[in-house]
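Working notes, structure below.
Values in this text are rule-based calculations from the coordinates and carry no lab data. Because the structure is predicted, anything quoted here is derived from the model rather than measured. Every residue, glycine as well, gets a Cβ built from its backbone with ideal geometry; the counts of neighbours run over all protein chains shown.
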Amino acid sequence: MIDRMVVGDVPRKHHIQLKGPDGALRWEHCLTQEGFDGGYTIGYHLNRPHEQQPVPIAEDTIARGWVVPSRDAGTPPLLKRHYKSAGLHHRGGTPLDARVPLLHSRDVTCGIALPDREDDVYFVDGDADTLVFVHDGGGTLRTMLGDVTFKKYDYVFVPRGIPHRWIVSGPQHWLTLELHGGMHVPRQFRNGLGQLRMDAPYCHRDFVRPVFEGPRDEGIRETIVKRRDAFHRFTTPQSPLDLVGWDGTVWPWAFPILAFQPRVSSIHLPPTWHGTFAARGALICSFVPRKVDFHPEAIPCPYPHSSMDVDEILFYVEGNFTSRRGVGPGSISYHPAGIPHGPHPGSYEKSIGHTETNELAVMLDCAEPLTPTNIATTIEDPGYQKSFLA
């Protein structure tokens, strides 16, 4: 939830009649979170929104979606790891089919997608909220609540249960996050009225909202629904994008990472100060260009760190990553709890006297232990663990 929106044609009160100019009754459709205790959006359809029919499974039917990682995978050796996402062989295809999970837990599935054409069906993720970071590319997220335009270096959020498809402009490179317990703005960023505080690291105006144009029929009748890690196919007699209006707090958006307002201190601040979005068991952080520590004896480079409770993922976007050599745009480092990690030999000392950093990166701290997938091993840097030696 960012705030409440109301667009199009809605009745003066929810759960009462809304009729069109011809006297036809509109169909109210409630999208609710946490049962009926959380945020919700109410849309108004031209047609009955619940007429999905399953597509019979046939041996010659082309499977859709991505390979969901097994929750029963064994425990891998405890190592610091580096994955080069640009080296993935799974390239192209639609966004629905292009995702490649690399690290996963009960709370988070982190992966990469390199799609090069638009979705030809609608997709509903019934398992998780989705957050995509656009490392390269751009386009439009089309949903029944409206279109969200996105570009390079945007976060794009799709709430669980919202029918949508991605319309992309050329090849893409995305970091994908399935957040199985939902995602929200950290509570400390809001005042008692729910408004974003003036000292929050972003404001309401920074979010790119869906543009609603009323009922739309693209001729697509097939919807893929992911539920309990399986993909199910349905057809509908009419377009699912037939809303005449909606009202609520559950809606998709885009957020430019460079709109994040970094904190500056006299000494090094922990990653929590870069926290941007929160999820069950995870904090998503944004590292953006900024001034660094200004104490006369400050050491701007991150200190060696032993995390007692969380695994860390860092997705490198661009800039000069002073703490590590050998990483570059598209690199993903994975530092598990239990063993210390820190800067490359020489980086700690050389950072003294620096006044600013131009690094751009996305980080996750994850409470549940992460497990690499089989595909992750194919793009792993085998020398990363040894790179910590002087």
For this session: Show the residues, 5+ positions off or on another chain, whose built amide H is closer than 5 Å to the amide H of W253.
Result: F157
Exercise. Among P343, S333, A298, which residue has its Cα positioned farthest towards the positive end of the charge dipole of segment 258-388, with +1 placed on the Cβ of Lys and Arg, -1 on the Cβ of Asp and Glu, and the dipole taken about the Cα centre?
Worked result: A298
Exercise. With r defined as the distance between the Cβ atoms of D37 and D229 and R0 fixed at 30 Å, what FRET efficiency is calculated, to the nearest 0.05?
Worked result: 0.75
Problem set entry | Cβ-placed point charges (K, R +1; D, E -1), dipole of the chain about Cα centre in debye, nearest 20 | 400 debye
Seminar exercise, completed: Going from the fewest other Cβ atoms within 10 Å to the most, one would list W27, W251 as W27, W251
For this session: Please give the peptides 97-104, 280-287 ranked by average Cβ packing (other Cβ atoms within 10 Å per residue), highest first, as a rough proxy for protection.
Result: 97-104, 280-287
Exercise. Across segment 177-185, in residue order, what do the Karplus-derived ³J(HN,Hα) couplings come to in whole Hz, using 6.51 cos²θ - 1.76 cosθ + 1.60 with θ = phi - 60° and x for Gly and Pro?
Worked result: 10, 9, 10, 6, x, x, 9, 8, 6
Seminar exercise, completed: With x for Gly and Pro, the residue-by-residue ³J(HN,Hα) of segment 16-26, computed from phi through the Karplus equation 6.51 cos²θ - 1.76 cosθ + 1.60 at θ = phi - 60° and given in whole Hz, is 10, 5, 10, 10, x, x, 8, x, 6, 6, 7
Exercise. Over segment 1-92, what lengths in whole Å, largest first, do the semi-axes of the equivalent ellipsoid take, defined as the square roots of 5 times the eigenvalues of the alpha-carbon gyration tensor?
Worked result: 43, 22, 15
For this session: For each of L79, L370, count neighbouring Cβ atoms within 10 Å of the residue's Cβ, then give the residues from fewest to most.
Result: L79, L370
Problem set entry | All aspartates and glutamates inside 16 Å of K13 as judged from Cα atoms, apart from same-chain residues fewer than 8 positions distant | E28, D247
Exercise. Fewest first, what order do T357, T377, T75 take by the number of other Cβ atoms within 10 Å?
Worked result: T75, T377, T357
Exercise. Considering the dipole of the chain built from charges on the beta carbon (Lys and Arg +1, Asp and Glu -1) around the Cα centre, which of I112, P95, G192 is farthest to its positive end?
Worked result: G192
Exercise. Which of the aspartates and glutamates could be linked to K350 by a straight reach, that is with a Cα gap under 15 Å, when you skip same-chain ones fewer than 8 residues away?
Worked result: D293, E297
For this session: Please report how far the C-alpha centroid of segment 326-390 lies from that of segment 138-156, rounded to the nearest whole angstrom.
Result: 30 Å
For this session: Using the charge dipole of segment 258-388 (Lys, Arg: +1 at Cβ; Asp, Glu: -1 at Cβ; taken about the Cα centre), state which of V362, Q385, G281 has its Cα farthest towards the positive end.
Result: V362
Seminar exercise, completed: All alpha-carbon distances of segment 74-208, grouped into 10 Å bins from 0, give the whole-percent distribution 11, 37, 34, 16, 3
Problem set entry | Dmax and Rg, reported as Rg then Dmax, of segment 258-388 (C-alpha, Å) | 14.7, 47
Problem set entry | Packing rank of 112-120, 187-195, where each peptide gets the mean count of other beta carbons within 10 Å, highest leading | 112-120, 187-195
Seminar exercise, completed: Among segment 66-103, those whose backbone N falls under 18 Å of a label point 7 Å along Cα→Cβ from I167 are 94-96
Seminar exercise, completed: Hydrodynamic radius by Kirkwood for segment 135-231, inverse mean 1/r across distinct Cα pairs, in Å, is 15.9 Å
Problem set entry | Label-to-label distance, nm, for residues given as T378 and A63 (7 Å Cα→Cβ offset) | 1.4 nm
Exercise. How many angstrom separate the Cα center of segment 174-204 from the Cα center of segment 46-113?
Worked result: 26 Å
For this session: Starting from the eigenvalues of the Cα gyration tensor, five times each then square-rooted, give me the equivalent ellipsoid semi-axes of the chain, largest first, whole Å.
Result: 39, 25, 17
Problem set entry | Estimated vicinal HN-Hα couplings, Hz - segment 32-44 in sequence order (Karplus 6.51, -1.76, 1.60; Gly, Pro = x) | 10, 10, 6, x, 10, 9, x, x, 8, 10, 10, x, 10
For this session: Mind putting a number on the dipole of segment 190-291 about its Cα centre? Charges go on the C-beta only, +1 for Lys and Arg and -1 for Asp and Glu, and I need it in Debye to the nearest 20.
Result: 520 debye
Exercise. How far apart, in nm, are two points set 7 Å out from the Cα along the Cα-to-Cβ line at R71 and at Q195?
Worked result: 4.2 nm
